[in-house]
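Working notes for the structure below.
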Amino acid sequence: MTKKLLCFLLLSLSLAGCSLSTTTEAEVDPSLLDQLTALKREVVALNDKVSELEVELSGRVELIENLEQETHFLKNQQDALYNMSRMNEILVENLPNIVRKQGFIKEIEMDNGTYFVIDEAEWVPVESAPNGGELVNKTDEEVRIEVHSSLSNEVSIFLLKDSALVYQPFDDFKNSQYKGFYNFFIIEEKIVLVKEQLLP
């Protein structure tokens, strides 16, 4: 009797376990499994995207560094050209028979030659001034100075563009508004070279 009871209990437990296992598997929603699989795929895709962005960012950082180096190089070149221009200007000013005047061009006259009507002024360095100097215009009188024939035919006008001196053909210059402040280099009372002055 005892053996029969024991066998019955073991059989009952075994059947109950099988029933529980079958019920648990049946309760899992297949759509949830699909969603879990889809989420795993999205995580993998996001990881791949992050890796691509890291590579792209690294490339952009390198590009920025290269641009900074190039900008620094160009700045040094600009400084060197300015210093060279200044040295040449000092040499020219000290050559015999060369006179330098400064001022504003009020008018360009074409009458049996080319003439600049100039309102003379002078840029004077002043250490105490906020911008390092001051513009001095002692008189309102204008002077009329002839332009050397070579100036209207050759490369003798240099204007400022982004703080750098660039050549401008005479025909383009005379048709512009020429509102800058200029240095005029004069030989035998004729202008041979015009250079725009940088004002702070």
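The values are calculated or read from the model by the stated rules, or taken from the named source; none is laboratory data. Keep in mind it's a predicted model, so treat the numbers as computed, not measured. For neighbour counting, all protein chains shown are included, and Cβ atoms are generated from backbone atoms with ideal geometry for every residue, glycine included. Side chains included, ligands, DNA and RNA excluded: accessible areas come from the protein's heavy atoms. Shrake-Rupley method; radii C 1.70, N 1.55, O 1.52, S 1.80 Å.
Note on region 140-159: residues that are over 18 Å from residue 186 (Cβ atoms) and open to solvent by 50 Å² or more (accessible area, probe 1.4 Å) amount to 1.
Scanning region 128-147 for residues that are modelled with pLDDT under 85 and of a type outside the set (Gly, Ala, Ser), we see that the one that is nearest to the chain's Cα centre (by Cα) is 131. On the basis of being within 16 Å of residue 85 (Cβ to Cβ), open to solvent by 50 Å² or more (accessible area, probe 1.4 Å) and of a type in the set (A, V, I, L, M, F, W, C), does residue 166 make the cut? Yes, satisfied. Close Cβ contacts (under 6 Å, 6 or more residues apart or on different chains) running from residues in region 117-144 that are over 21 Å from residue 99 (Cα atoms) to residues that are open to solvent by 40 Å² or more (accessible area, probe 1.4 Å) and part of a strand (DSSP E or B) comprise 126/134; 133/123; 133/124; 133/125; 134/124. In the condition set (1) outside any strand (DSSP E or B); (2) within 18 Å of residue 184 (Cβ to Cβ), residue 117 is compliant with all but (1). For region 123-136, filtering for residues that are open to solvent by 60 Å² or more (accessible area, probe 1.4 Å) and in contact with a Gly (Cβ under 8 Å, 6 or more places away or on another chain) leaves 1.
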